[in-house]
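Comments concern the structure below.
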Amino acid sequence: MNLKPNLRVEIAGIKMKNPVMTASGTFGSGLEYSNFIDLSKLGAIVTKGVTLKKQTGNPGPRVYETPCGMLNSIGLQNKGVKNFIAEDLEFLKKFNVPVIVNVAGNTIEEYVAVVEQLSEKDVVKGIELNVSCPNVKSGGLSFGLNVKSAIKLTSAVRKTTKLPLIVKLSPNVGNIDEIAKGVEDAGADAVSLINTILGMAIDPQSFKPQLANIVGGLSGPAIKPVAVGMVWKISKAINIPIIGMGGIMNCYDALEFFLAGAKAVAVGTANFIDPEATIKLIEELEEFLTIKDISDISDIVGQVKV
Ligand SMILES: Cc1cc2nc3c(=O)[nH]c(=O)nc-3n(C[C@H](O)[C@H](O)[C@H](O)COP(=O)(O)O)c2cc1C
């Protein structure tokens, strides 16, 4: 008889029961999902992006469903770090699950100020830097689109906190491996990828864009091959762990990411379709490994046969 496989992983010092995390922005701070699932069963909860000040986000419509994914232009709607600490962290501290806070800002100073406040809180076990935000000082170009600005931001945050630092990479670049290497050298403990891919949809009746913001970020099954390809490319360029995401709907999707080189995975859009998607994925992974007689999830990381 097969023994239960080991699903435990450690990413950048964060100990997780299993390698399944929530993708930022698709799980809030878990409050709504706690009506459906036991949050303590997750590997880690990654919260919605938090900024220094409260943000109302973009005007609607800001979500549009496409044949195999969705476009969104939420625009980082959030309550600001002070309220996040008082309300969301207060709620999350009741659960036995590592909390990783996704952080955003318009300037390096804003990122640093948010991370400083979060670093004082025991319940926060890691920071995920969303480098896809507009760098106001560079005229709105995202930090994550350029090696130099990604390094500058990562170094500044690295000096601010001892917490494990995960940098979340944008796929909207031609040199994601160079950016990954840059942030590794600047002190990142792990990278996560991919964020959404820039896209647009148009209503042929009205001739108008489907999103009020005109363009938005594509997520869901449509982006999985891009994400898997980028994880594989980066796994050859860096030595720090990779958290993979983009279109994971079930165990077979997640397995592609592990085989490509991800040590953990995150589920995003699938949560909107099925609030139990993460829990089902954990169960399916355990079943898959048991049937295959693989004793540890880490044994398949990077094992794609090329
Ligand atoms: C509605 C929505 C909001 C998101 N908000 C954030 C965010 O605040 N910060 C961030 O780093 N990524 C954000 N993302 C990106 C996701 O975390 C994830 O990287 C992306 O959706 C790909 O995974 P998926 O295909 O499983 O959804 C958001 C995605 C969606 C769909």
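Listing for the model above:
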read-out	value
Total residues in the range 251-286, condition without any contact (Cβ under 8 Å) to a residue 60 or more places away in the chain, more than 23 Å from Gly30 (Cβ to Cβ) and either open to solvent by less than 40 Å² (accessible area, probe 1.4 Å) or not in a helix (DSSP H, G or I) (or both)	3
The range 1-27 - residue that is assigned to a loop (DSSP other than H, G, I, E, B) and surrounded by fewer than 17 Cβ atoms within 10 Å (Cβ to Cβ) and, of those, nearest to the ligand (Cβ to nearest atom)	Gly13
So Gly187, is it without any contact (Cβ under 8 Å) to a residue 60 or more places away in the chain and either aliphatic (A, V, I, L, M) or open to solvent by less than 60 Å² (accessible area, probe 1.4 Å) (or both)	yes
Subset tally (residues that are assigned to a strand (DSSP E or B) and either within 14 Å of the ligand (Cβ to nearest atom) or among the hydrophobic types (A, V, I, L, M, F, W, C) (or both)) for the range 203-250	9
Conditions (1) under 23 Å from Ser40 (Cα atoms); (2) assigned to a helix (DSSP H, G or I); (3) open to solvent by 30 Å² or more (accessible area, probe 1.4 Å); (4) not small (Gly, Ala, Ser); number of the one not met by Lys94	(2)
Residue in the range 200-218 that is within 26 Å of Ile151 (Cβ to Cβ), among the basic types (Lys, Arg), open to solvent by 40 Å² or more (accessible area, probe 1.4 Å) and more than 17 Å from the chain's Cα centre (by Cα) present	no
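The values are calculated or read from the model by the stated rules, or taken from the named source; none is laboratory data. Treat the numbers as computed from the prediction; the structure is a model and nothing was measured. As a convention, Cβ positions derive from the backbone with ideal geometry for all residues, glycine included, and neighbour counts pool all protein chains shown. Note: accessible area is taken over every heavy atom of the protein model, side chains too, but ligands, DNA and RNA are not part of it. Shrake-Rupley method; radii C 1.70, N 1.55, O 1.52, S 1.80 Å.
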